[in-house]
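Laboratory data are not the source of any read-out in this text; all were calculated from the coordinates shown. Predicted model, so just to flag it, every value in this text is computed and none were measured. Virtual Cβ from ideal backbone geometry, glycine too; neighbours counted across all protein chains shown.
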Amino acid sequence: MFLPDLKIKTGSRAVIFFTLPEWNYAKNKLFMNKKVGFLNLKIRYNKKALILGPLIGAPLVGIVMEVLKSLEIKEIIGVGWAGKVNPRLIKGDLFLPTKAYSLEGVSRFYFPKKRVFYPDRNIFEKVEKEIAKRISFKKGEILSVDVPFIFEKEKMHLYKWKNKIEAIDMETSALFSVAHSLQMKVMALHFIIDEVGTFSRERSEKEIKIKREKIFEVLKDFLDYKI
């Protein structure tokens, strides 16, 4: 299997940013003095840790996780956006997935008979504790899909899942499953930016501004090994 020769010397922690807005914010907020790229991804790093993004979709998650494993990364936080299914969530919420159901194609290659995956309990509990000191958040179950537009247009899919999950994204189950296969420790954080089944051209970045600032305090502490 081909792995890029990135010549990176760093620590054992990383933060993956799934969306371009979060990556753009991270570049300015989390200073890393070295940078490199592969595929369409950007990586910034120092001797302690690295950050990378933007990374959309389960297939790219699978590739990146294999590369990070080759760099001896052991602990990862994924940061992204998700759409709400459960009405208890509102736009602007910070959401921590405690369980991820897979309707994406990556996880089935790593675990052909499994469709449910979990974050690492140790990282989750430590980061959850730090977040709780700063801001409110919600947690629950998420569904990861490869084709969100089809899922939203064909209401039968939403009807089938609406009582099982709180939110939908494209990456979390692959992050959890590949990490488990490679013996890496991961968790995910998502901002709820829309409602599944409701189409809108408006983005909710204004609604997540304060939470984003607080979350990046936690991410910085994670990358500095203060958590």
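Things to note:
- Helices in the chain, meaning DSSP H runs of at least 4 residues, each add -39500 (n - 2.57). Divided by all residues, the mean residue ellipticity at 222 nm is -10000 deg cm²/dmol.
- Taking other residues whose beta carbon is less than 10 angstrom from the beta carbon of Ala14, and scoring Lys, Arg as +1 and Asp, Glu as -1, yields +1.
- The GluC sites (Glu not before Pro) found in the range 121-166 that occupy coil by DSSP, while having at most 16 further C-beta atoms within 10 Å, are Glu154.
- Residue with peak Gaussian network fluctuation, the chain [Cα springs, cutoff 10 Å], from Gly57, Gly140, Gly80: Gly140
- Relative protection proxy for 92-100, 24-32, from highest mean packing down: 92-100, 24-32 (other beta-carbon atoms within 10 angstrom).
- Springs between Cα atoms under 10 Å define the GNM used for the chain, and in it the highest mean-square fluctuation of Tyr118, Tyr101, Tyr159 occurs at Tyr159.
- Signed unit charges on C-beta, dipole axis of the chain, positive-most listed residue Val145, Ile63, Val85: Ile63
- Phi angles across the range 130-139 convert, under the Karplus curve 6.51 cos²θ - 1.76 cosθ + 1.60 with θ = phi - 60°, into 3J(HN,Hα) values of 5, 5, 4, 6, 10, 8, 7, 7, 10, 9 Hz, Gly and Pro given as x.
- Loop-resident sites, the range 50-81, for GluC sites (Glu not before Pro), counting at most 13 other Cβ within 10 Å (DSSP): Glu72
- Net charge dipole, the chain: roughly 480 debye, given to the nearest 20, about the Cα centre with Cβ charges of +1 for Lys and Arg and -1 for Asp and Glu.
- Convex hull of the range 1-68 built on C-alpha atoms - directionally averaged projected area, nm²: 4.4
- Positive-pole candidate from Ile192, Phe117, Val218, dipole of the chain, charges at beta carbon: Val218
- Max mean-square fluctuation residue, GNM over the chain, Cα-Cα springs under 10 Å, options Trp161, Trp81, Trp23: Trp161
- Pairs from the table (Lys99/Lys209; Lys42/Lys84; Lys74/Lys160; Lys69/Lys91; Lys74/Lys99) lying more than 32 angstrom apart at Cα are Lys74/Lys160; Lys69/Lys91.
- Only Lys, Arg (+1) and Asp, Glu (-1) charged, at Cβ; the range 106-182 dipole about Cα centre in debye: 280
- Close amide H partners of Leu55, meaning residues 5 or more places away or on another chain with modelled amide H under 5 Å apart, are Phe18, Thr19.
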